[in-house]
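Trainee: What follows is a single structure, and I will ask about it in a moment.
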Amino acid sequence: MTGFKKVTKDEFAAFLRSYPGRLEYDCIAFFDPPVHNYCDWSQATSEIGTQEAHDEARQAYCILGDEISGWRDAYWIRL
């Protein structure tokens, strides 16, 4: 995803703790594994409820793996 960098779990947690605004948790569960998003809706300039607004608001996201999917935990933060 453009505008994000992959980070460690500790870097991800530090980003969430130090974020200067309000982050709202959102989970897209129809993906397998689910994508966990942290959104700052004050950053969205597009109409709320659109994919564009979600893309603008998302400041961090992660995918948590499991034994069934074989996916490993991965974390990204906005540059």
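The values are calculated or read from the model by the stated rules, or taken from the named source; none is laboratory data. Remember, predicted model here, so these are calculated numbers, not experimental data. So basically every Cβ, Gly included, is an ideal-geometry build from the backbone, and we count neighbours across all protein chains shown.
Trainee: How many residues does the stretch 24-52 contain that are of a type outside the set (A, V, I, L, M), out of contact with any Gly (no Cβ under 8 Å at 6 or more places or on another chain) and crowded, with 17+ Cβ neighbours inside 10 Å?
Mentor: 3
Trainee: Let me ask something additional. Within the stretch 53-67, take every residue that is under 16 Å from residue 29 (Cα atoms) and among the hydrophobic types (A, V, I, L, M, F, W, C) and give me the one that is surrounded by the fewest Cβ atoms within 10 Å (Cβ to Cβ).
Mentor: Ranking the qualifying residues of the stretch 53-67, first place goes to 64.
Trainee: For the structure I just gave you, tell me whether residue 55 is within 26 Å of residue 72 (Cβ to Cβ) and among the charged types (D, E, K, R).
Mentor: Yes, satisfied.
Trainee: Here's something else I'd like to know. Against the definition (of a type in the set (Val, Ile, Thr) and either more than 18 Å from residue 78 (Cα to Cα) or in contact (Cβ under 8 Å) with a residue 60 or more places away in the chain (or both)), how does residue 48 come out, yes or no?
Mentor: yes
Trainee: Only residues that are of a type in the set (A, V, I, L, M, F, W, C) and in contact (Cβ under 8 Å) with a residue 24 or more places away in the chain: list them for the stretch 5-30, please.
Mentor: The answer is 7, 12, 15, 16, 23.
Trainee: Moving on to the next point. Quick check on the stretch 1-23: of everything there that is more than 26 Å from residue 72 (Cβ to Cβ) and not basic (Lys, Arg), which residue is surrounded by the most Cβ atoms within 10 Å (Cβ to Cβ)?
Mentor: Across the stretch 1-23, the extreme among qualifying residues is 21.
Trainee: Hey, another quick one. Got a sec? Which strands (runs of 3 or more DSSP E) wholly within the stretch 9-79 have at least 3 residues that are hydrophobic (A, V, I, L, M, F, W, C), at pLDDT below 95 and more than 10 Å from the chain's Cα centre (by Cα)?
Mentor: none
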